[in-house]
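Below is one structure, written out as structure tokens; comments come after it.
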Amino acid sequence: MIITKGKIDGVYLLKQEKFVDERGSFARQFCKNELKEYGIDFDIKQCNISQNYKKGVLRGMHYQKEPYPETKIVSCFCGMAYDVVLDLRKNSPTYLEWNSFELSAENGYSVYIPRGVAHGFQTLEDNTIIYYQLGEFYMKEYYSGVRWNDPKFKIDWPKCDNRIINERDSAYELFE
């Protein structure tokens, strides 16, 4: 894996190193030892798959509150997504800053997202599959989010004529 520090403190872009031959390709998607070299101690507790049928699906911006904040590694196994992280940690040097990444099966990128950083994505192709590795169990009563289009954050989402977003994600309160 090739690990690169992101713009947001504690966020890393993980790139698979693909080995290609006549059969296809092989790549390591996760390595606890390689992550530890960057100070990331990630213990997978749950894995989720988000299947998105249409281009323009927007999910986010989600996070899980204390005392059960999530760490995540997010990957795209099919299709393509515009992936966004937003720093909500008040004591962070990058508080309220956001960063985006293009994830696809072809480019082999994943994003490591630390506790206190919200996450969301918009699909750029039909039939996009996003795979989550989570460092905490889902706790419904601690699950939360901020509005994807909150003017305070000024997230630059891709233009989309047919954005598909559920009621919960479009109804989050504006950030104070």
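Read the figures in this text as sums done on the coordinates, not as results from a lab. Since we're looking at a predicted model, the values are computed, not measured. All Cβ positions, glycine included, derive from the backbone under ideal geometry; neighbour counts span all protein chains shown.
Placing a label point 7 Å from the Cα of Ser170 along the Cα-to-Cβ direction, the residues of the stretch 122-144 whose backbone N falls under 19 Å of that point are 122-124.
When both the stretch 25-40 and the stretch 127-157 are represented by their alpha-carbon centers, they are found 23 Å apart. Phi angles across the stretch 80-89 convert, under the Karplus curve 6.51 cos²θ - 1.76 cosθ + 1.60 with θ = phi - 60°, into 3J(HN,Hα) values of 7, 9, 8, 9, 10, 10, 9, 7, 10, 8 Hz, Gly and Pro given as x.
Karplus-derived 3J(HN,Hα) values for the stretch 67-73, using 6.51 cos²θ - 1.76 cosθ + 1.60 with θ = phi - 60°, are x, 10, x, 9, 9, 9, 10 Hz; glycine and proline are entered as x. Projecting the alpha carbon convex hull of the stretch 47-176 along each direction and taking the average yields 7.7 nm². Tell me the mean residue ellipticity at 222 nm calculated for the chain from its helices only (DSSP H runs of n ≥ 4, each -39500 (n - 2.57), averaged over every residue, nearest 500). So the calculated ellipticity at 222 nm is -1000 deg cm²/dmol. Working note: Karplus 6.51/-1.76/1.60 with θ = phi - 60° gives the stretch 125-133 the couplings 9, 4, 6, 9, 10, 10, 10, 10, 10 Hz, where Gly and Pro are set to x.
Amide H contacts of Thr71 (H built 1.01 Å from N, in plane; Pro and chain starts excluded): Gly135, Glu136 sit under 5 Å, all sequence-distant by 5 or more or on other chains. Available extension along the chain between Lys90 and Met1 is 29.0 nm, counting 0.36 nm per residue and deducting the alpha carbon span. Going from the residue with the fewest nearby Cβ atoms within 10 Å to the one with the most, Trp157, Trp148 rank Trp157, Trp148.
Past the 25 Å Cα-Cα mark, which pairs from Lys55/Lys140; Lys15/Lys72; Lys15/Lys65? Long pairs (Cα-Cα over 25 Å): Lys55/Lys140; Lys15/Lys65.
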